[in-house]
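Undergrad: The structure is given below, and queries will be raised subsequently.
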Amino acid sequence: MKTSYLDLANAAVRSLKPYQPGKPISELERELGIQHAIKLASNENPLGASKRVHAAIQEAIADIHVYPDGSSFTLKKTLAEHYHIQPNQITLGNGSDNIIELIIKTFLSAADTAIISQYAFLTISLLIQAIGAKAIVVPAKAYGHDPVAMVQAIQPNTRLLFMVNPNNPTGTHINAEAFEKMMQAIPPHIVVVVDEAYVEYVTLPNFPDTIDLLSRHPNLIILRTFSKAYGLAGLRLGYAISSAEIADLLNRVRLPFNVNLFANAAGIAAIQDQAHIQASRDLNTAGLAQLNEGLSALNLQTIPSAANFVTVNVGDGEAIYQQLLRLGVIVRPLTPYHLPAHIRISTSHAADNARCLQALKETLCQPS
Ligand SMILES: *Cc1c(COP(=O)(O)O)cnc(C)c1O
């Protein structure tokens, strides 16, 4: 009899549904035999990476035969100076999703629970379930996290509480007062993980300054990434900022070379080019305004976004997604998030935003 490897996998893995990433442009062009498709589906930076990053990678090529610095001394020093923290408060990861994995490995056992909001970034609940632990999913409020309900959901076996701020895929955010109130209500033995993948795009004045909160709340871990505003999604580099004590624990489970040579070099160069971040933020602010205005002109309901994408109710998200694909426009359907009426559109250059809005207009006018 043929061996079923599905039966051999542990129970937690058997019940997992893999994460569905945005469709790559090359795949769509291959499938439809078209050219010049655009992808507004993975919240990538339309400006790409800083030119300084390109130069740093060119320079690093000479050293690819040697192992990278496993302690990432210079990258940590650069980040520490930028944020006015100590290098020993930083944990580096192969993308911030790698750090979510390190946190779960460090603090969660199969008998434990972790709190997360409905509509929060799916990778997190996937990683919780992968070790056989339980994610307590707290109902969202107006598509966003409900910090009061999240605190109330804490159980005796709860070890972690995850907050994504601003949240992906809804773009909603928790302001400084609500965040601080939540931190005050959470007992110190529960580790709070705030995923701030989009923080560089936030222009709101009352957004939480979580690094400032660290001294009062040593149970806080802040997650940041180079994948979004820094434009290094393909390179895989993320980091956590925490107390030195928590960083030490995370570094115990981290694989020694999880940050490769190019990622180390690129991260240093990227942090040193804050003008690129400013330009990326400005382009996004303009893109959000353009998309919001265009979608409202199509009488579509959007969720107010603090990030670099807009989530919009189009009636039948999967159908509209498919029709947009035929017009060479890739967006993200949100069926995996149980938001079947919505699609998520990443901001881009004005011309690509306009092309997406035009395609959406054609699609909506067409009887499906
Ligand atoms: C894109 C994204 C990340 C980034 O993940 P990386 O592994 O660093 O590429 C993390 N969290 C959220 C909520 C995201 O949307």
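Undergrad: Hey, among Leu126, Leu92, Leu75, which residue is open to solvent by less than 30 Å² (accessible area, probe 1.4 Å) and assigned to a helix (DSSP H, G or I)?
TA: Details: Leu126 fails: open to solvent by less than 30 Å² (accessible area, probe 1.4 Å); Leu92 fails: assigned to a helix (DSSP H, G or I).
Result: Leu75 is the single residue among Leu126, Leu92, Leu75 that is open to solvent by less than 30 Å² (accessible area, probe 1.4 Å) and assigned to a helix (DSSP H, G or I).
Undergrad: Looking at the range 301-321, which of its residues are among the hydrophobic types (A, V, I, L, M, F, W, C) and surrounded by 20 or more Cβ atoms within 10 Å (Cβ to Cβ)?
TA: Ile303, Ala306, Ala307, Phe309, Val310, Val312, Val314, Ile320
Undergrad: Anything in the range 322-351 that is under 30 Å from Ile277 (Cα atoms) and either of a type outside the set (A, V, I, L, M, F, W, C) or open to solvent by 30 Å² or more (accessible area, probe 1.4 Å) (or both)? List them, or say none.
TA: Selection gives Gly328, Arg332, Pro333, Tyr337, His342, Arg344, Ser346, Thr347, Ser348, His349, Ala350, Ala351.
Undergrad: State which residue is farthest from the ligand (Cβ to nearest atom) when the search covers only the range 241-260 and only residues that are in a helix (DSSP H, G or I) and touching a helix residue (DSSP H, G or I) at 6+ places or on another chain (Cβ under 6 Å). Steps first, answer last, please.
TA: Going through the range 241-260, the residues in a helix (DSSP H, G or I) turn out to be 244-253.
This time we only want the ones that are touching a helix residue (DSSP H, G or I) at 6+ places or on another chain (Cβ under 6 Å), so: 244, 247, 249-250, 253.
Details: Ala244: 22, Ala247: 17, Leu249: 20, Leu250: 15, Val253: 17 Å.
Per the criteria, the residue is Ala244.
Undergrad: Among the residues of the range 203-227, how many are part of a loop (DSSP other than H, G, I, E, B) and away from the ligand (no atom under 13 Å from the Cβ)?
TA: Residues of the range 203-227 that are part of a loop (DSSP other than H, G, I, E, B), as a first pass: 203-209, 214-219, 226-227.
Filter once more, keeping what is away from the ligand (no atom under 13 Å from the Cβ): 203-209, 214-219.
Of the residues in the range 203-227, 13 are part of a loop (DSSP other than H, G, I, E, B) and away from the ligand (no atom under 13 Å from the Cβ).
Undergrad: Pairs only if they're at least six apart or on different chains, beta carbon under 8 angstrom, first in the range 228-240 and open to solvent by less than 10 Å² (accessible area, probe 1.4 Å) and part of a loop (DSSP other than H, G, I, E, B), second of a type in the set (Gly, Ala, Ser) and within 7 Å of the ligand (Cβ to nearest atom); list them, first residue then second.
TA: Filtered contacts from the range 228-240: Leu237/Gly95; Leu237/Ser227.
Undergrad: Checking Ala55 against (1) modelled with pLDDT of 95 or more; (2) of a type outside the set (Asp, Glu); (3) buried (at least 19 other Cβ atoms within 10 Å of the Cβ), which test does it fail?
TA: (3)
Undergrad: Answer with yes or no whether Gly231 is within 10 Å of the ligand (Cβ to nearest atom), at pLDDT 95 or above and farther than 22 Å from Val312 by Cα.
TA: On the way: within 10 Å of the ligand (Cβ to nearest atom): no; at pLDDT 95 or above: yes; farther than 22 Å from Val312 by Cα: yes.
Considered against the rule, which asks whether it is within 10 Å of the ligand (Cβ to nearest atom), at pLDDT 95 or above and farther than 22 Å from Val312 by Cα, Gly231 comes out as no.
Undergrad: Glu318: among the charged types (D, E, K, R), over 24 Å from His145 (Cα atoms) and touching a strand residue (DSSP E or B) at 6+ places or on another chain (Cβ under 7 Å), yes or no?
TA: Details: among the charged types (D, E, K, R): yes; over 24 Å from His145 (Cα atoms): yes; touching a strand residue (DSSP E or B) at 6+ places or on another chain (Cβ under 7 Å): yes.
In short, yes.
Undergrad: Please indicate, with yes or no, whether at least one residue in the range 180-193 is within 16 Å of the ligand (Cβ to nearest atom) and outside any loop (DSSP other than H, G, I, E, B). Don't jump to the end; show me each part of the working.
TA: To start, the set of residues in the range 180-193 that are within 16 Å of the ligand (Cβ to nearest atom) comprises 192-193.
Okay, now just the ones that are also outside any loop (DSSP other than H, G, I, E, B), so 192-193.
Yes, the range 180-193 contains a residue that is within 16 Å of the ligand (Cβ to nearest atom) and outside any loop (DSSP other than H, G, I, E, B).
Undergrad: Considering only residues that are open to solvent by 40 Å² or more (accessible area, probe 1.4 Å) and in a helix (DSSP H, G or I), look in the range 107-123 and name the one that is nearest to the ligand (Cβ to nearest atom).
TA: So the residue we want is Leu122.
Undergrad: Is there a residue being within 15 Å of the ligand (Cβ to nearest atom), in contact with a helix residue (DSSP H, G or I) (Cβ under 7 Å, 6 or more places away or on another chain) and more than 15 Å from Asn251 (Cβ to Cβ) anywhere in the range 30-44? Steps first, please.
TA: Initial filter on the range 30-44 (within 15 Å of the ligand (Cβ to nearest atom)): 39-44.
Filter again for in contact with a helix residue (DSSP H, G or I) (Cβ under 7 Å, 6 or more places away or on another chain), leaving 39-40.
If we keep only those that are more than 15 Å from Asn251 (Cβ to Cβ) as well, we get 39-40.
Taking every residue of the range 30-44 in turn, at least one turns out to be within 15 Å of the ligand (Cβ to nearest atom), in contact with a helix residue (DSSP H, G or I) (Cβ under 7 Å, 6 or more places away or on another chain) and more than 15 Å from Asn251 (Cβ to Cβ).
Conditions (1) on the phi > 0 side of the Ramachandran plot; (2) free of Cβ contacts under 8 Å to residues at least 60 places away in the same chain; (3) of a type in the set (Val, Ile, Thr), marked per residue:
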| site | (1), (2), (3) |
| --- | --- |
| His54 | no, yes, no |
| Asp63 | no, no, no |
| Leu79 | no, no, no |
| His82 | no, no, no |
| Ala111 | no, yes, no |
| Ile116 | no, yes, yes |
| Tyr119 | yes, no, no |
| Ile124 | no, no, yes |
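Undergrad: Among (1) open to solvent by 10 Å² or more (accessible area, probe 1.4 Å); (2) under 26 Å from Pro156 (Cα atoms), which single condition is Ala247 missing?
TA: (1)
Undergrad: What number of residues in the range 256-296 are in contact (Cβ under 8 Å) with a residue 60 or more places away in the chain, among the hydrophobic types (A, V, I, L, M, F, W, C) and open to solvent by 30 Å² or more (accessible area, probe 1.4 Å)?
TA: Our first condition is that a residue be in contact (Cβ under 8 Å) with a residue 60 or more places away in the chain; within the range 256-296, this holds for 256-273, 276-277, 279-281, 283-287, 290-291, 294-295.
With among the hydrophobic types (A, V, I, L, M, F, W, C) added as a condition, the list becomes 257, 259, 261-263, 265-266, 268-271, 277, 279, 283, 286, 291, 295.
Now drop any that are not open to solvent by 30 Å² or more (accessible area, probe 1.4 Å), which leaves 257, 261-262, 268, 279, 283, 286.
Going through the range 256-296 one residue at a time, the tally reaches 7.
The values are calculated or read from the model by the stated rules, or taken from the named source; none is laboratory data. All of these numbers come straight from a predicted model, not from anything done at the bench. Here Cβ is always computed from backbone atoms with ideal geometry, including for glycine, and neighbour counts include all displayed protein chains. These accessible areas exclude ligands, DNA and RNA; they are computed on the full protein's heavy atoms, side chains included. Shrake-Rupley method; radii C 1.70, N 1.55, O 1.52, S 1.80 Å.
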